[in-house]
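Some notes on the structure that comes next.
The values are calculated or read from the model by the stated rules, or taken from the named source; none is laboratory data. These numbers were taken from a predicted model, which means no experiment stands behind them. We place every Cβ from the backbone using ideal geometry, glycine too, and count neighbours over all the protein chains shown.
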Amino acid sequence: MPIYTYKITCPYCSHKFEWHDGKVGDKIYLHCDICGKELLYPDDEESLFPEYPSCECGGWFDKAEYWVPFVCPKCKEEIEPRMVRNTIEVVKSEDE
Ligand SMILES: [Zn+2]
Ligand SMILES: [Zn+2]
């Protein structure tokens, strides 16, 4: 499974950050729904409703299977993909 690295410039505060999507080995990238922090977490495909950990900020890490906005780690604003479509850079790399 490929890993996508999104290089994003926040339209609110101009902070540059990277956002990952995909699997590394048997772990998958999860993102906190409030602060955007990333976590590599074992992927449990057996369970329909796997339990994901909570973040120290009070949010929850979740799997971005469906569309989830990017969250700027600096100003914590939610960023819709259309807002950064002219500046975003996507790097695809293969696991291994
Ligand atoms: Zn920002
Ligand atoms: Zn968080």
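A few notes on this one:
- Filter pass, residue 28 being of a type in the set (Val, Ile, Thr), free of Cβ contacts under 8 Å to residues at least 40 places away in the same chain and out of contact with any helix residue (DSSP H, G or I) (no Cβ under 9 Å at 6 or more places or on another chain): yes
- Scan the range 4-53 for residues that are in a strand (DSSP E or B) and exposed (fewer than 11 other Cβ atoms within 10 Å of the Cβ) and the total you get is 1.
- Filter result (within 16 Å of ligand 2 (Cβ to nearest atom) and either modelled with pLDDT under 90 or in a strand (DSSP E or B) (or both)) within the range 54-66: 54, 60, 61, 62, 63, 64
- Among the residues of the range 72-79, not a single one is at pLDDT below 90 and among the aliphatic types (A, V, I, L, M).
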